[in-house]
Amino acid sequence: MLISAPMKTPLYSIRMHSSCRGSHLSGAERLVPQAELEAVAGQLLRRALEHSRGCADSIRLSVDAIAEPLVRSATLPDLATIRVTDYRQGREAAAVLLQHSGVSPRAVEIALATLAAGAAPDGGSMRGAMLLDAESGVRLEADPFRGVRVSRMDLSPEAALRLQQQLQRLGLNNPHVREALVLAGKVLATPGILAELCWSDDPDYTAGYVASAALGYRRLTQLKPLGEERGGRVFFIRDEGFDLTRLQRELEQAVLLFTDIGTIAGETPWEELRATLAAGA
Ligand code: WAQ
Ligand code: MG
């Protein structure tokens, strides 16, 4: 649900992108008032320099003022964790969850196989997300190296505090979870997108998620083997003749501030949830 939020202090979008020998390493971003720009710039720089995939040799920081009426606010999706025994079971579970959300079996199969093989044309990870037709599985993004980068979203200070407290209880208060939840929140708030699939390109972070309006943000404890550097994101596009240029512009440019969080639930074993879905669906 989107409502316009009158902001008291103007916000700035600050974005970091780092690379090593010409290939993408990491990116992160925030929406903050001017008074915090300097401190946040330092944090983002440190993030780039301390990344687990290696040392950045090029780091870009961009800052843009956001015109006040453009800032919209929303509530984060609900979060829950599904425990799987290994990454194979994780991918099976992801397939079931995506189909439950309305993605065709063919599109699911293509998404999993493409991410596993490295979605960029050189077999590496893309900088952004793939767009896949949720019915046919046809790839729709204009640039298969870059994909689409979701940008200009963040938590309000109050929502950030509440989220950290809730995640802390479950031992999940880390930047991967927080940032992925915010990103997925913006993706689900974008008209035309049915669901998302993601796992990290960081070799030491093996969890991933499926997100959809039907299911919220469902973490899967394993979606790839330890040490694997190929990761990525797939946004499944509803087959409704959507204007792709507009969709991409929304994902990259629309400004979304999460001022409230959803429910943060604990862990369920996949066998249990599978049985529930089979009985209920
Ligand atoms: N927009 C679109 N795609 C992106 C973006 C973005 N802003 N940032 C990253 N990607 C794509 C890109 O292909 C990366 O290779 C891939 O996603 C993975 O990015 O425990 O850390 O930042 O709740 O490595 C999942 C958290 C963490 C699961 C995902 O992704 C959990 C993560 P990473
Ligand atoms: Mg990464």
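The values are calculated or read from the model by the stated rules, or taken from the named source; none is laboratory data. The structure displayed is predicted, hence computed values, not measured ones. Methodologically, a virtual Cβ is constructed for each residue, glycine included, from the backbone with ideal geometry; neighbour enumeration extends over all protein chains shown. All accessible areas refer to the heavy atoms of the entire protein, side chains included, with ligands and DNA or RNA removed. Shrake-Rupley method; radii C 1.70, N 1.55, O 1.52, S 1.80 Å.
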Exercise. Taking θ as phi - 60°, what are the ³J(HN,Hα) couplings along the range 211-216 by the Karplus curve (6.51, -1.76, 1.60), each to the nearest whole Hz, with x for Gly and Pro?
Worked result: 10, 7, 4, 5, 10, x
Seminar exercise, completed: Once Ala65 and Leu140 are pulled to full extension, the length gained, defined as 0.36 nm per residue separation minus their Cα-Cα distance, is 23.9 nm
Problem set entry | Heavy atoms of Phe242: accessible area, 1.4 Å probe, square angstrom to 10 | 80 Å²
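Given contacts defined as C-alpha pairs under 8 Å and at least six residues apart, what's the relative contact order of the chain, whole-number percent?
Normalised by residue count, the contact order of the chain is 25 percent.
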Exercise. If we restrict to alpha carbons, what Rg and Dmax does the range 119-263 come to, in Å?
Worked result: 15.2, 43
For this session: Give me the accessible area per residue for the chain, probe 1.4 Å, as a whole number in Å².
Result: 47 Å²
Problem set entry | the chain: C-alpha gyration tensor shape, a/c 1.5 cut-off, then a/b vs b/c | rounded
Problem set entry | Net dipole in debye of the range 1-149 [+1 Lys, Arg Cβ; -1 Asp, Glu Cβ; about Cα centre; nearest 20] | 220 debye
Exercise. By accessible area of protein heavy atoms, probe 1.4 Å, what ranking do Glu36, Glu240 get, highest first?
Worked result: Glu240, Glu36
Problem set entry | Amide H partners (placed H, <5 Å) of Gly262, local residues excluded | Leu76
Problem set entry | Cα centroid of the range 85-104 to Cα centroid of the range 217-281, whole Å | 11 Å
For this session: Kindly report, to the nearest 10 Å², the accessible surface of His100 as traced by a 1.4 Å probe over protein heavy atoms only.
Result: 80 Å²
For this session: Mind giving me the FRET efficiency for Ala160 and Arg21? R0 is 22 Å, r the Cβ-Cβ distance, nearest 0.05 is fine.
Result: 0.05
Exercise. Roughly how much of Glu271 is accessible, in Å² to the nearest 10, using a 1.4 Å probe?
Worked result: 90 Å²
For this session: State to the nearest 20 debye the size of the charge dipole of the chain about its Cα centre, where the only charges are +1 on K and R beta carbons and -1 on D and E beta carbons.
Result: 220 debye
Exercise. Residues with amide H under 5 Å of Ala195's amide H, sequence separation 5 or more or different chain, H placed in the peptide plane at 1.01 Å from N; which?
Worked result: Phe236
Exercise. Taking all protein chains as present, what is the carbon and sulfur share of the accessible area of the chain, in % to the nearest whole number, probe 1.4 Å?
Worked result: 51 percent
Exercise. So what is the 222 nm mean residue ellipticity for the chain from helices alone, if each DSSP H run of at least 4 adds -39500 (n - 2.57) and you divide by all residues, rounding to the nearest 500 deg cm²/dmol?
Worked result: -10000 deg cm²/dmol
